[in-house]
Amino acid sequence: MAIRPIRLFGDPILRTVADPVTDFDKQLRNLVKDLTETLRDAQGLGLAAPQIGVGLRVFAYAVGSERGYLVNPDLKFPDEEEQDGEEGCLSFPGVYFDVKRRLNTVARGFTDRGDPVQVVGTDVLARCLQHETDHLEGVLFIDRMDPATRKRAVRQIREADWAGPVRLSPHRITDRIF
Ligand code: NI
């Protein structure tokens, strides 16, 4: 187990579609532990494997008492309800802007032993599950902002000392809600 460095925006792995997990082995269990430990250390709400440099479909979440992880998550929306609110990302230090998301989500996935598991999320947890699933598609929260908000975010990112050039997602964004 280890706390791993978190990749920042500009790192190409954050724009790469992650591969499904096929081997539910010790290496996967170590990845889940590293994600969980790194997330706790960073005091974030969620952390996806690409953010620690691993291109696999795994993320960890910690929203209040709701804590866990999902392997190979599949996200569904049980209704059309939306929410608007502030969102951040550990790969964008200090950047917080409003992002419109679905209010309710059902995420199905697997444990690190390959057993099926389901996480039902609303409000902040639902936001987190959407944000982390996006990471596995190479989609980042700036891609989900409305154009005016994104403009402000991009300006702030360009001025940040950690940032490289700002590029929007090369991937098709499904379920666009703005
Ligand atoms: Ni993020």
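Using the heavy atoms of the protein chains alone and a 1.4 angstrom probe, what is the accessible area of the stretch 12-159 per residue in square angstrom?
With all protein chains present, the stretch 12-159 gives 46 Å² per residue.
Which whole-number percent gives the relative contact order of the stretch 12-159, counting Cα pairs below 8 Å spaced six or more residues apart? Intermediate results must be reported in sequence, preceding the final value.
Working: 281 pairs, mean separation 36.8, N = 148.
RCO, the stretch 12-159: 25 percent.
With N set to the residue count of the stretch 71-173, report its C-alpha Rg divided by 2.2 N^0.38 Å to two decimal places.
Numbers: Rg = 14.8 Å, N = 103, 2.2 N^0.38 = 12.8 Å.
Taking the Cα Rg and dividing by 2.2 N^0.38 Å, one obtains 1.15.
Can you give me the span-like helices of the chain, meaning DSSP H runs with 15 Å or more of Cα extent along the axis and Kyte-Doolittle mean at or above -0.5? Spell out each step's value before the answer.
Working: long enough: 26-42 (24 Å, -0.85); 123-136 (20 Å, -0.41); 147-159 (18 Å, -1.45).
Sorted by number, the helices that extend far enough and score high enough are 123-136.
Rounded to the nearest 20 debye, what is the charge dipole size of the chain about its Cα centre when +1 sits on each Lys and Arg Cβ and -1 on each Asp and Glu Cβ?
That gives a dipole near 420 debye.
For the peptides 101-111, 122-132, 151-161, 5-15, what is the packing order when you average, over each peptide's residues, the other Cβ atoms within 10 Å and list the highest mean first? Mind showing how you got there, number by number?
On the way: 101-111: 19.7, 122-132: 21.8, 151-161: 13.3, 5-15: 16.4.
Ranked from most to least packed, the peptides come out as 122-132, 101-111, 5-15, 151-161.
In whole Å, what is the distance between the alpha-carbon centres of the stretch 17-50 and the stretch 77-128?
For the stretch 17-50 versus the stretch 77-128, the Cα centre distance is 16 Å.
Tally Lys and Arg at +1 and Asp and Glu at -1 over the other residues with C-beta under 12 Å from the C-beta of Val21: what net charge comes out?
For residues surrounding Val21, the net value is -1.
The values are calculated or read from the model by the stated rules, or taken from the named source; none is laboratory data. Everything numeric in this text was worked out from a predicted model, so none of it was measured. Glycine also receives a Cβ, built like all others from the backbone with ideal geometry; neighbour counts cover every protein chain displayed. All accessible areas refer to the heavy atoms of the entire protein, side chains included, with ligands and DNA or RNA removed. Shrake-Rupley method; radii C 1.70, N 1.55, O 1.52, S 1.80 Å.
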